[in-house]
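I have placed the structure first, in the form of C-alpha cells, so that the comments after it can refer back to it.
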Amino acid sequence: MTSNNIRVRFAPSPTGYLHVGGLRTALYNYLFAKKNGGTFVLRIEDTDRARFVEGAVENLIDTLKWAGVDFDEGPGKEGSHGPYVQSERLAIYRKHIDLLLAKGSAYRCFCTSERLDQVRKEREKLKLAPKYDRHCLNLTAEEIEKLLQTNTSFVVRMKVPEATTIAFRDAVREEVEFASDALDDQILLKSDGYPTYHLANVVDDHLMEITHVIRGEEWLSSTPKHVLLYKYFEWELPLFAHLPLLLNADRSKLSKRQGDVAVEDYRTKGYLKEALVNFVALLGWNPGTEQEIFSKAELVEQFSLDHVNKAGAIFNIEKLDWLNFEHLRKASDGEVLAMLKDEIRKSPYSANRYSDEYLLNVIRAMRERMTFVRDILDKSPYFFESPAEYDASVAEKRWKPETAGQLKQLAEEFSGLDRPGKEQYEQALQQVAARLNIGNGSLIHAIRLAISGVGTGPGVYELLEILGKDESVKRIHHAIANIQHE
Ligand code: GLU
C-alpha cells in the first residue's frame with residue numbers, strides 16, 4: 001500500500017486520556033505519512049508500570065479513531081514490526097542491554113537509593129545539577145561478579161562520553177548541539193527489569209524502521225541521549241522533528257489540568273472532530289497562506305515539516321469555537337440531524353416526539369446561529385416546548401396593555417389561514433397592522449415574544465411556519481392570558 005519507506009510513529013504512554021498535545025503529535029505524524037505515501041505506526045510505551053492505567057490503551061485508540069487519525073500498524077492492526085506494545089517486547093530490550101554491556105557502552109550500577117540520595121544532596125550543596133557520580137563505573141569484573149552472585153539489585157546506566165559535543169539535525173530546529181558533560185549517565189534498565197523510555201524508544205524506533213521521529217519539544221533534551229544510543233548500536237539516525245510547545249494565552253505552558261487538555265472532554269463538549277483536527281493542525285504549523293479552514297484532505301495535501309514553527313503555539317479556545325462554527329456550517333443537514341438527535345436524547349425532551357422533517361426545519365433556521373449543535377436546544381428551547389415564561393425585560397418593552405387585543409386579532413387572522421407558509425403569515429400580519437393602524441414592527445416583536453418567550457432568534461415568519469398554525473395560535477392565546485394578568 002505504501003509507495004516508499006517513510007515510516008513514522010506516535011508513541012504515547014497510556015496515561016488514561018489523550019492530551020490535545022498528543023493529538024497534535026499523532027496528527028502531524030499521520031499527515032506526514034499520508035502526504036508522503038508512508039506508514040503511520042501506533043506504539044504503546046507502557047514500560048512505566050507505576051503509571052499503568054486500566055483501559056487507557058482502548059481509550060486512546062478509540063479517541064484517535066474518533067478524530068479520524070487512523071494508524072496503519074499498531075495494537076489490533078498487526079504488521080510485520082510488532083508487537084506494538086512495549087511491555088510485550090521485554091526480551092528484545094534485554095538483548096540490547098546485553099549488547100551495550102558487552103561493548104562497554106553501558107554499565108551496571110548497584111548503588112542503593114540511600115547512596116544516590118547522598119550524592120544528590122552533596123551536589124545540591126555545591127549548587128550542581130543532579131548527576132550520578134559514576135561510582136559503579138569503576139567496579140572491577142570480580143566486584144561485579146560478586147554482587148551479581150549475591151543477587152544485589154542493580155540498574156543499567158549508559159556511559160556518556162566526557163567533553164564531547166553531541167550534534168544532530170532536527171527538521172524544525174536545524175542543527176542542534178548538546179554538551180555531553182551536561183548529561184547524566186541515564187538509567188536504561190530499571191531494577192525491575194523494565195527498560196526506561198530512552199532505551200525502549202530508541203530500540204523500537206530502529207527495529208520498527210522509523211525514518212522520522214516527530215514528537216513534542218519536551219523530548220528535545222532527551223534526544224542527545226538517544227543519539228548516543230544510536231551511535232553505540234551503530235545504527236543510522238532517523239530525522240528528528242521537535243514540535244513547538246503548546247502555550248496558554250499568557251504564554252505559560254499549557255495547563256496540565258485534565259479538563260482543559262483531554263481530547264475526550266472536547267468531544268463531550270460537542271466539538272466536531274473536523275474542527276478539533278483543524279485547530280490542532282494549526283498549533284505549530286502554518287500553510288504559508290491565509291487559509292485557516294481546512295478539511296482533513298486539505299491538510300494532507302498541504303502539510304509539510306518545513307512549515308512547522310519553532311515558537312510556542314498559543315492554544316486559543318475562541319479560535320477553536322470559531323472553527324467549530326465554520327465546520328458546523330459545512331456539515332450537511334443530515335449530519336447535523338444525527339447530532340441533534342443525540343443531543344435530544346441527552347436532554348429532558350423526548351427524542352421521538354419530533355419528526356425528522358420538523359427537526360430539519362429547525363436546523364435550517366438555526367444554521368447560522370450556532371457554534372455547537374447543542375446550541376439549538378440551549379438557545380431555542382421554544383422549538384421543543386412552549387415557553388413557560390417570557391423574558392421580562394423584553395416583555396416590558398414589547399407588551400403594552402393594548403398588545404393583548406392586538407395579538408387576539410392576529411390569532412384570529414392566523415386561524416383563518418389555510419396551511420399558511422411564511423408569506424401568508426407575513427401578509428396576515430401586515431393586514432392586521434394596517435387595520436389597527438400600527439407599524440408591523442410592534443406586532444412582530446410582540447408575537448415573537450409570545451411564541452418563543454425571548455426577544456431574539458430566527459425570522460418570526462419562519463418561526464411561525466416551523467411551529468405550525470395550531471401550535472402558534474395556542475401559544476399566542478397563552479401569551480394573551482399572561483399579558484392580561486400583568
Ligand atoms: N512515550 C513518549 C510519550 O509519552 C514518547 C515520546 C516520543 O515520541 O519519543 O510521549
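Summary table below
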quantity	calculated
Number of positions in region 109-118 that are surrounded by fewer than 13 Cβ atoms within 10 Å (Cβ to Cβ) and in a loop (DSSP other than H, G, I, E, B)	1
Only one of K346, K310, K319, K269 that is surrounded by fewer than 18 Cβ atoms within 10 Å (Cβ to Cβ), more than 30 Å from E465 (Cβ to Cβ) and over 20 Å from the mean Cα position of the chain (by Cα)	K310
Members of region 25-43 that are aliphatic (A, V, I, L, M) and touching a strand residue (DSSP E or B) at 6+ places or on another chain (Cβ under 6 Å)	A26, A33, V41, L42
Candidate set from region 177-187 (those that are in contact with a Phe, Trp or Tyr (Cβ under 9 Å, 6 or more places away or on another chain) and in a strand (DSSP E or B)); member that is nearest to D133 (Cα to Cα)	I187
Criterion (within 16 Å of the ligand (Cβ to nearest atom), assigned to a helix (DSSP H, G or I) and among the aliphatic types (A, V, I, L, M)) met by exactly one of L220, L276	L220
Exclusive hit being of a type in the set (F, W, Y) and within 13 Å of the ligand (Cβ to nearest atom), set Y197, Y266, Y271	Y197
Qualifying residue in region 209-226 (condition: at positive phi and open to solvent by 10 Å² or more (accessible area, probe 1.4 Å))	yes
Among residues of region 47-75, those that are at pLDDT below 95 and either in contact with a helix residue (DSSP H, G or I) (Cβ under 6 Å, 6 or more places away or on another chain) or at positive phi (or both), counted	2
Conditions (1) of a type outside the set (A, V, I, L, M); (2) within 18 Å of L31 (Cα to Cα); (3) in a helix (DSSP H, G or I); number of the one not met by E292	(3)
Helices (runs of 4 or more DSSP H) wholly inside region 1-108 that include at least 3 residues being within 16 Å of the chain's Cα centre (by Cα) and within 15 Å of the ligand (Cβ to nearest atom)	20-35, 56-67
Count of residues meeting criterion [open to solvent by less than 10 Å² (accessible area, probe 1.4 Å) and modelled with pLDDT of 95 or more] in region 233-262	5
Candidate set from region 373-419 (those that are part of a loop (DSSP other than H, G, I, E, B), crowded, with 20+ Cβ neighbours inside 10 Å and hydrophobic (A, V, I, L, M, F, W, C)); member that is farthest from the chain's Cα centre (by Cα)	W399
Residue list for region 126-142, restricted to those being assigned to a helix (DSSP H, G or I) and either at pLDDT 95 or above or aliphatic (A, V, I, L, M) (or both)	H135, C136, L137, A141, E142
Any hit, region 188-201, residues being open to solvent by 50 Å² or more (accessible area, probe 1.4 Å), part of a loop (DSSP other than H, G, I, E, B) and not acidic (D, E)	yes
Subset of region 263-273 (residues that are of a type in the set (D, E, K, R) and part of a loop (DSSP other than H, G, I, E, B))	K269
Residues within region 428-449 that are open to solvent by less than 10 Å² (accessible area, probe 1.4 Å) and free of Cβ contacts under 8 Å to residues at least 12 places away in the same chain, tallied	1
Scan of region 200-217 for residues that are under 26 Å from R108 (Cα atoms) and within 10 Å of the ligand (Cβ to nearest atom), ordered by number	A200, N201, V202, D204, D205
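The values are calculated or read from the model by the stated rules, or taken from the named source; none is laboratory data. These numbers were taken from a predicted model, which means no experiment stands behind them. Here the Cβ is made from the backbone with ideal geometry for all residues, glycine too, and neighbour counts use every protein chain on show. Just the protein is used for accessible areas: all its heavy atoms, side chains included, with ligands, DNA and RNA removed. Shrake-Rupley method; radii C 1.70, N 1.55, O 1.52, S 1.80 Å.
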